[in-house]
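Single-structure report; data block below.
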Amino acid sequence: MMRFEGKAVLVTGAATGIGRATAIAFAREGASVMIGDIDDRADETVAMILGEGGRAAFRKTDVRKAGDLDELVAQCLDRFGRMDAAFNNAGVLPPQRPIHEIPEDELDLAIDVDFKGVFFAMQSEIRHFLSVGGGAIVNTASVGALIADPNMSAYCAMKHAVSGLTKAAAVEYAQMGIRVNAIAPGFVVTPMTQHWADSNEFTDMFFAQNISGRAARPEEIAPTVLHLCSDGASFINGATFTIDGGQTAH
Ligand code: NAD
């Protein structure tokens, strides 16, 4: 299937992990991919896509800065002549601490990257989608948008906020042809979670509680993002899709 032939998509946080796997999956289905990331390793994602004969470009972007996201959208239009969908995926997991021990700078990091980064991206993207009559947005939330784990309060609160923001945007822009959905992955092995994957104590405990008995690979998250950005998802709007191997099913 080449669902994105002739289309261009924007992906944030594609230097590593879920964003990288999704950017590659988009390119394999024909999309031109504009990547925004604070990490120069996004160049490696671009090289991988170009090496397979796809189209991609990277612009260094800090999602905490609204101007960077305006520029990223402008670059996508300049480079590829269009922007049809956007995957707002950049995120950070602050150090795990109980609420009473979290310093303000760690709280601010979660607010600025995990919430404001998505908000600013959506503002830039929506301005463009309004000018062309529509588009699709997918935001990365987490199972932390549905349930709470200890010592992850700021992350959990910001992922709940992303899910709420997704619904709010769907309601505001449905009549203008813009669909906005979110994904809520469970435990995916990426640089963000490698410390958990490497801990037998953590994995023994987690896998015993989780009906899938394992963590996901980033490539298992990408197909849902592509579906939500595709015409096949034309009646899906304001939803947060759980992709957790059943973690939150019991
Ligand atoms: P990751 O660390 O591999 O990817 C995060 C990406 O975001 C990186 O490319 C990083 O450079 C980028 N980034 C961080 N701060 C940025 C900033 N200020 N500006 C621009 N880019 C920035 O981790 P991942 O697991 O692939 O995470 C991707 C998303 O998935 C995040 O939003 C994360 O919260 C979410 N998520 C991850 C899991 C998991 O288990 N790995 C589960 C649920 C949700």
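Springs between Cα atoms under 10 Å define the GNM used for the chain, and in it the highest mean-square fluctuation of ASP78, ASP68, ASP114 occurs at ASP78. The count of lysine pairs in the chain with alpha-carbon distances below 18 Å, taking only pairs 8 or more places apart or on different chains, stands at 5. How many angstrom lie between the C-alpha centres of the stretch 65-126 and the stretch 163-187? What the calculation gives is 15 Å, centre to centre.
Here's the picture: charge each Lys and Arg Cβ at +1 and each Asp and Glu Cβ at -1 in the stretch 8-241, and of ALA169, SER230, ALA145 the one pushed furthest to the positive end of that dipole is SER230. Entry note, the chain: the mean residue ellipticity at 222 nm calculated from DSSP H runs of n ≥ 4, each adding -39500 (n - 2.57), is -12500 deg cm²/dmol after division by the residues and rounding to the nearest 500. Taking the Cα centre of the chain as origin and assigning +1 to Lys and Arg Cβ atoms and -1 to Asp and Glu Cβ atoms, the resulting dipole is close to 780 debye. With θ taken as phi - 60° and the Karplus curve 6.51 cos²θ - 1.76 cosθ + 1.60 applied, the whole-hertz 3J(HN,Hα) list for the stretch 198-210 is 7, 9, 4, 4, 5, 5, 4, 5, 5, 5, 5, 8, 9 Hz, x standing for glycine and proline.
Accessible surface of the chain, 1.4 Å probe: 53 percent of it comes from carbon and sulfur atoms.
Exposed loop sites here are trypsin sites (Lys or Arg not before Pro) assigned a DSSP state other than H, G, I, E or B and surrounded by at most 15 other beta carbons within 10 Å; excluding them, the longest clear run of the chain is 83-213. A 1.4 Å probe run over the protein chains yields, for the stretch 8-241, 44 Å² of accessible area per residue, whole-number rounding.
The values are calculated or read from the model by the stated rules, or taken from the named source; none is laboratory data. The model shown is predicted, which means the values in this text are computed figures rather than measured ones. Cβ: placed from backbone, ideal geometry, glycine included. Neighbour counts: every protein chain shown. When the accessible area is computed, the model is the full protein with side chains, heavy atoms only, and any ligands, DNA or RNA have been set aside. Shrake-Rupley method; radii C 1.70, N 1.55, O 1.52, S 1.80 Å.
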